[in-house]
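Contents: one structure, followed by commentary.
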Amino acid sequence: MKPYVICHIMGSVDGRILSGNWGMGNLSPMFEGPASKIKADAWLVGRRTMEDFSSHKVRRLPVGKLRIPKTDFVGEHKAKTYAVAIDPSGKCRWDSNMVSTEHVIEVLTEKVPAEYLAHLRSNNVSYVFGGKTSLDLKLVLEKLNRLFGIKRVRIDGGGTVNGSFLKADLIDELSLVLAPVADGRMGIPTVFDADGPDTKRRGTRFRLKSVKQLERDFLWLRYAKA
């Protein structure tokens, strides 16, 4: 069974998501406040975002001829909530298997080396495989439900991660914090970066569930898939 998927993101009125030139100071509370009110068993991000939470030490991978099967691994843990990293090539390094109160789950492809799997296992970091060389996100979600009992996932990713789930038609709800600013820059990541300009994929329709005005003229919009 696939978990219910909520995509949570903050963007400008023209859809950009990098706030460095908005001149509005630290906007983390504007994102994290609504996020904390969304009921979820797990939050999910891409590798680059997760690297902010993983080890900052220089960690060498084990050496030698290791034979570790390319099968899913559930590390020992007592947590009831999870932090999921979309990390197809296995780039994140870990000192433990926790981010705050959440148990870490790495989402990998089978192209990762055995040395990386040994690193994860040595720290009791769980991992699931989503495909040989690319990820089947529907399969990944089904494994998160079956192996960890995850029923609701909040995606806190950037445009590429969001776009991947959108393209796979796996998003059930959109939670959008709308910043009162027009960015105007070209080439900046957007709320969803799914395809190039010549795609034949139809747009995804949503229906409005609620609107809440936040401080500083921000809006919190919640949509369900139509």
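The values are calculated or read from the model by the stated rules, or taken from the named source; none is laboratory data. The structure displayed is predicted, hence computed values, not measured ones. Cβ sites come from the backbone with ideal geometry, for glycine too, and all protein chains shown count toward neighbours. The protein model used for the area step is the full one, side chains on, heavy atoms only, and it has no ligands, DNA or RNA in it. Shrake-Rupley method; radii C 1.70, N 1.55, O 1.52, S 1.80 Å.
So, of the residues in the range 4-26 that are open to solvent by 70 Å² or more (accessible area, probe 1.4 Å) and more than 18 Å from residue 184 (Cα to Cα), which turns out to be modelled with the highest pLDDT? Only one residue tops the list, namely 4. Can you tell me which residue within the range 33-53, out of those that are more than 25 Å from residue 214 (Cβ to Cβ) and in a helix (DSSP H, G or I), is least open to solvent (accessible area, probe 1.4 Å)? The extreme case among them is 50.
Would you confirm whether any residue within the range 190-207 is in contact with a Cys (Cβ under 9 Å, 6 or more places away or on another chain), touching a residue at least 24 places away in the same chain (Cβ under 8 Å) and either of a type in the set (A, V, I, L, M, F, W, C) or within 25 Å of residue 43 (Cβ to Cβ) (or both)? Yes, the range 190-207 has at least one match. From the list 57, 70, 91, 2, the one residue that fits, being touching a residue at least 12 places away in the same chain (Cβ under 8 Å), in contact with an Asp or Glu (Cβ under 9 Å, 6 or more places away or on another chain), charged (D, E, K, R) and closer than 19 Å to residue 162 by Cα, is 2. Of all residues in the range 170-226, those satisfying the criterion of being open to solvent by 50 Å² or more (accessible area, probe 1.4 Å) and within 18 Å of residue 24 (Cα to Cα) are 180, 182, 184, 185, 213, 215, 216, 217, 219. When you look at residue 177, is it in contact with a helix residue (DSSP H, G or I) (Cβ under 8 Å, 6 or more places away or on another chain) and within 22 Å of residue 51 (Cα to Cα), yes or no? Considered against the rule, which asks whether it is in contact with a helix residue (DSSP H, G or I) (Cβ under 8 Å, 6 or more places away or on another chain) and within 22 Å of residue 51 (Cα to Cα), residue 177 comes out as no.
Of everything in the range 180-207, what is outside any loop (DSSP other than H, G, I, E, B) and either in contact with a helix residue (DSSP H, G or I) (Cβ under 9 Å, 6 or more places away or on another chain) or under 29 Å from residue 23 (Cα atoms) (or both)? Give them in sequence order.
190
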